[in-house]
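The values are calculated or read from the model by the stated rules, or taken from the named source; none is laboratory data. Small disclaimer: the values here were computed from a predicted structure and weren't measured. All Cβ positions, glycine included, derive from the backbone under ideal geometry; neighbour counts span all protein chains shown.
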Amino acid sequence: MRIWILALLCVVGGVLFGARAFGEGEEPQQLPHEAIDTGLEPPPPTAEIPSHVGSAHVPGTNYDPGPESALWRYNDLSSDEKAYVDRNKTANAQGVQDSYATAARDLAQRAAAEAAEHQLGLEESGSTGVIP
């Protein structure tokens, strides 16, 4: 009989200790943001971010390089850099760019069609006779 009473007291003590340890209804303590030191500088305020950063890009068009001062001109390169650029030039650069633009446009159109198909619940439209 004493063993049962001792076991019951242990269980009750465990429940009480567990409830207190987990802090019923208490919000977990969090450190204030000032106490966390990442060693990184915060981003500049929005007014200082250049207008070309984060602007929308239309597929198949060139990216906006930003202000004129951000551009690197061929004449500004060192002789080693000029040699590297010259080695990597292609005779049909515009054809290559056009091919990539066409592929990107086709892929974007296909992704939009698949997204619409998924939204409408027609994942297996090819097997049901519907032509996308």
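Please determine, by comparing only the residues of the stretch 76-113 that are of a type in the set (Asp, Glu) and closer than 20 Å to residue 60 by Cα, which one is surrounded by the most Cβ atoms within 10 Å (Cβ to Cβ).
The extreme case among them is 98.
Would you confirm, using the coordinates I've provided, whether residue 66 is exposed (fewer than 11 other Cβ atoms within 10 Å of the Cβ) and modelled with pLDDT under 80?
Criteria not met by residue 66.
Looking at 123, 117, 81, can you tell me which residue is in contact with a helix residue (DSSP H, G or I) (Cβ under 7 Å, 6 or more places away or on another chain), assigned to a helix (DSSP H, G or I) and of a type outside the set (Val, Ile, Thr)?
Only one candidate qualifies: 117.
What do you reckon, is residue 58 at pLDDT below 80 and surrounded by 10 or more Cβ atoms within 10 Å (Cβ to Cβ)?
no
With (1) in a loop (DSSP other than H, G, I, E, B); (2) at pLDDT 70 or above; (3) hydrophobic (A, V, I, L, M, F, W, C) as the list, and residue 108 as the residue in question, which single condition is left unmet?
(1)
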